[in-house]
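K.L.:
Below is one structure. I have some questions about it.
The values are calculated or read from the model by the stated rules, or taken from the named source; none is laboratory data. The shown structure was predicted, so the numbers you read here are calculated from the model rather than taken from an experiment. All Cβ positions, even for glycine, are placed from backbone atoms using ideal geometry, and neighbour counts span all protein chains on display. Side chains included, ligands, DNA and RNA excluded: accessible areas come from the protein's heavy atoms. Shrake-Rupley method; radii C 1.70, N 1.55, O 1.52, S 1.80 Å.
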Amino acid sequence: MTRRDAPATEEGWYALHDFRRIDWDAWREAPDNERDRALAEGVEFLRDRENLSDAEQGGSAVFTVAGHEADIMVLHLRPQTEQLDRIERAFEHTALAGFTERTDSYVSVTEISGYVTEELEAGIENIEDDGTRNYMLQRLYPSIPDAEHVCFYPMDKRRDPEYNWYDLPFDERADLISGHGDIGREYAGKVTQIITGSMGFDDHEWGVTLFADDPTEIKHLLADMRFDPSSSRYAEFGRFRFGRRFAPEHLPELFAGEPLPAYGSTDVEAATTDAEESEPDDGGAETDDEGGDSDDSGDRPDPGTPPHDAATTEELEEELRRLGIDASEYPDAGFGLVFYSDENAEALVDEVDGLRGNFEHYDTHLLTSVRAHAGRTAVVSLWKNERAANTASGFLGDLAGVDGDGIGGPLADRDAAERADTTAADDGGDTAPPEVEGTGDEADDDIRGELSDLDIYAGKPHGEDVYAMVLYSEADTDDLREEVESLSGGFDRYDTHVGTSLYKGTATDRAAVVSLWETRDAADTAGDYLSDLPDIVGRAGEESTFGTMGMFYTVKPEHREDFVDHFGTVGEMLGDMDGHIETDLMVNVDDENDMFIASQWEDREDAMDFFRSDAFRDTVQWGRDILADRPRHVFLA
C-alpha cells in the first residue's frame, strides 16, 4: 500500500473554546452582594481578556450560546499554551466561576496547510509572493470579527473503506480543497472564518468558527458546502454550537434575563482587537486544511507589513485625482492603494485583470484598475476596509515592475462629510466652496438642465453623461491615423473609455482627435497621452472662456449630402451671431457618416442663445428624419 504524503503546515496562535453553563438555582439563591461581586469580577475578567492585559497578541470574545448544552462560550486566542492555561486558572479565581459549570471545551491552534502552496514546506518566511505570504499570516494570526453571530463545530476527515481522505493522492486532495474554497469565496464579506487544527490537542482533527451578522448566511454556506464532494464524501462533523457575541459590560443583562444589544451597537467601547467585516481569504467553512507533521517553528513571526508606504487621506485622494479617479464616486471605499510600475500600461493590463478577477470574489473589493499618467503606469485598488486592502497590497506589490513603489491610506468618511455639511447648513455656514462657472460638473449639469428644458438632448444614450477630450492637430490625417488607432486600442482596456476617433475638418485644414469617457477625470488623463500626438496645436476650450460645444451626429448614408449642405446654411448663420468664434464640421476618417461639429464660443450665454434660436430648433426637427441615432451634445471645456 502506498504511503501518502502529509501536507506541510504552519501554526499560529493557540485557541481555547470554553463552554459554560450557568447554575441558575445557585444564582437565584445567592444574596445580592455575592451576585454583585460575581458580576463585577466577571466583567473585569472578560474585559481584561479582550483588552489583552495578559498578552501582547491574540484576542478574546464572549458569546451567548443557544440551546441546552451551554449558556456562554468564551473564545481565547494566544501565542502560547501557557497563556491559555493561565487564563483558565485565573477565571476559576473569580467569584463568577462559582456560578458556572464547564460543560465542554475545545483546544486547537490556527493553521495553514501546504494545499495553498507547496512553497510552505520551506517555511512561510521563504514564500516569495508577498500576497500569498500575507494571506497566510492573516489566517495564522486572525482578529476575532465583530460580527453578531457565531457558529462553532469540530470536524474530521472520513476514513471509510470507500471514502478514505488519507488514501487520496496529494494532488487529488488539493483539487478537492480548491473547489471547496471556491464555494467559500462566494460568501466572502458575509461569513468570516477562523480555522484551527487539533490533532493531538482534542478529540477531532479541526475546529471551525464562523462569524456572520446574518445567521442565515452561515446556514446557506454550510448547505452549499454539504453538496461539495470534499464534504459529502470525506467530511464528518461534531456538535454544532450557535450564539451571539456581546460586550463584557453587558454581562449583568445576561444574568438578569434582559435583552442583550448586538456587539458594537451601544456606546460601550469594544475592546477586542479591531476586526474588519471581511478580507480576501477563502471565505469558507468545513475547512479542508489538515494537520500533518511539521517542525516546531519556535517564535511565531509577526503578521507581515504590507509593502506600500502610508499616506494621509489628503495625499491619497490627490494622487487618485491625478490618475482620473474621484474618490467621492466610491462612498463605500475606506482604504485605497496606488502602486507604480516601470512596465508599459498595456503590458500590465492582463496581469492586473487576473488579480481583479480574484479580488471580485470579495464584497470588500470596489475597484482595481490600470491607469497611465505622465509617462508612468499606475495600478489603483479601492477596498471597504484596511485589512482587506493590506492583503491585496501584497499581491499588487508583486506586479511586474513595481519594486515596492506604492502608497496606501484611508479615504474620507463620506457619511461623516455629509453630516458635517448638513450641520454647517443648519448653522448658516457655507457647505462648499463656490464653483467657478463653466469649469465643474455642477456647471455642466446646469447647462444640460437648461438644454433639457429646451427639449435638447445633452448626454449619451440611456441618460449617462459622457465627457470628451478634443485636441486639434495640423498633421496630415494619414500620419495621425495609425497613432490614434494605437491609442484607442490601449484606451479600450479601461471600462470608462467610450471611444476615440480621428476627424478631418471641412471648414479648416485641422484634424481633431476626439476621446469620449464616462468621467471627467478619465478624459483629462487621456489628454496627457493625446497631447503627445504630432503637431498638436491646442485643446478644445483653450481659446475661449466657455470652450467648445461638441455636437455628434450619425447620419443615415442616403442623407449624408443633405446634412453637409444644411450645415453650410447653419454655418453662415453662426458667423453672424455674437460671441461665436469658430464652427467646423469634422468627419470621422473611418466612417464618413459620423460627424462632429466643433463650435467655440466666448461665453456660455452666447452658446445658449444659439440653442434657443428658431434656426437651431428647425434644424433639430429637420434632423429627426435623416439621423441614424440620437445626437449627443457634450461640453469640452
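K.L.:
If amide H atoms are built 1.01 Å from N in the plane of the peptide, which residues on other chains or at least 5 residues away come under 5 Å of the amide H of residue 582?
P.N.:
Answer set, sorted by chain and number: 600.
K.L.:
May I pose another question? Near residue 157, which lysines are there with a Cα under 25 Å away, not counting those fewer than 8 places off in the same chain?
P.N.:
Straight-distance partners of residue 157: 219.
K.L.:
Taking H placed 1.01 Å from N in the peptide plane, check which residues at least 5 places from residue 335 or on another chain put their amide H under 5 Å from its amide H.
P.N.:
Under 5 Å from the amide H of residue 335: 383, 385, 411.
K.L.:
While we're on this one: In sequence order, what are the phi-derived ³J(HN,Hα) couplings for the range 495-502 according to the Karplus relation 6.51 cos²θ - 1.76 cosθ + 1.60 with θ = phi - 60°, rounded to whole Hz, with x for glycine and proline?
P.N.:
Rounded to whole hertz, the list is 4, 7, 7, 8, x, 9, 9, 10.
K.L.:
Hey, another quick one. Once amide H atoms are built 1.01 Å from N in the peptide plane, which residues 5 or more positions from residue 146, or in another chain, come under 5 Å H to H?
P.N.:
275
K.L.:
For a protection proxy built on the mean count of beta-carbon atoms within 10 angstrom, sort 14-26, 88-100 highest first, please.
P.N.:
Details: 14-26: 18.4, 88-100: 16.4.
Highest mean packing first, the order is 14-26, 88-100.
K.L.:
In whole Hz, what ³J(HN,Hα) sequence does the range 12-23 give by Karplus (6.51, -1.76, 1.60; θ = phi - 60°), x for Gly and Pro?
P.N.:
With the stated coefficients, the range 12-23 comes to x, 8, 7, 10, 10, 9, 10, 9, 10, 9, 7, 7 Hz.
K.L.:
Using the 2.2 N^0.38 Å rule of thumb for compact globular proteins, work out how the range 205-264 stacks up: its C-alpha Rg over that value, please.
P.N.:
Details: Rg = 15.8 Å, N = 60, 2.2 N^0.38 = 10.4 Å.
Dividing the Cα radius of gyration by 2.2 N^0.38 Å gives 1.51.
K.L.:
Once you have a ≥ b ≥ c as the square roots of the Cα gyration tensor eigenvalues for the range 310-413, tell me rounded if a/c is under 1.5, and otherwise prolate or oblate according to whether a/b is larger than b/c. List each step's numbers first, then the result.
P.N.:
Details: a/c = 1.61, a/b = 1.21, b/c = 1.32.
In terms of gyration-tensor shape, oblate.
K.L.:
Residue separation times 0.36 nm, minus the C-alpha to C-alpha distance between residue 54 and residue 592: what's the value? It would help to have the intermediate numbers written out before the result.
P.N.:
Numbers: separation 538, 0.36 × 538 = 193.68 nm, distance 7.74 nm.
Result for the pair: 185.9 nm of gain on full extension.
K.L.:
Related question: Short version: ³J(HN,Hα) in whole Hz for each residue of the range 74-87, in order, from phi by Karplus 6.51 cos²θ - 1.76 cosθ + 1.60 (θ = phi - 60°), x for Gly and Pro, what are they?
P.N.:
Computed from phi, the couplings for the range 74-87 are 10, 9, 10, 10, 9, x, 10, 5, 4, 5, 5, 4, 5, 4 Hz.
K.L.:
Starting with the highest mean, order 592-599, 147-154, 175-182, 574-581 by the number of other Cβ atoms within 10 Å, averaged over the residues of each peptide.
P.N.:
Numbers: 592-599: 20.4, 147-154: 22.5, 175-182: 17.6, 574-581: 14.0.
Highest to lowest by the protection proxy: 147-154, 592-599, 175-182, 574-581.
K.L.:
Add +1 for every Lys or Arg and -1 for every Asp or Glu among the other residues with Cβ under 13 Å from the Cβ of residue 46, and state the total. If you can, show how the numbers build up before the last one.
P.N.:
Working: positive: 20, 47, 49, 245; negative: 18, 41, 44, 48, 50, 54, 249.
Summing Lys/Arg as +1 and Asp/Glu as -1 gives -3.
K.L.:
Taking the inverse of the average 1/r across all pairs of different Cα atoms in the range 116-210, what Kirkwood radius in Å do you get? Can you show the working numbers first?
P.N.:
Numbers: mean 1/r = 0.0641 Å⁻¹.
It works out to 15.6 Å.
K.L.:
Quote the accessible area belonging to residue 608 in square angstrom, nearest 10, computed with a 1.4 Å probe and with ligands, DNA and RNA left uncounted.
P.N.:
0
K.L.:
Here is a follow-up. Quick check on packing: order 187-193, 328-334 by the mean number of other C-beta atoms within 10 Å, highest mean leading.
P.N.:
Numbers: 187-193: 23.3, 328-334: 16.7.
Highest mean packing first, the order is 187-193, 328-334.
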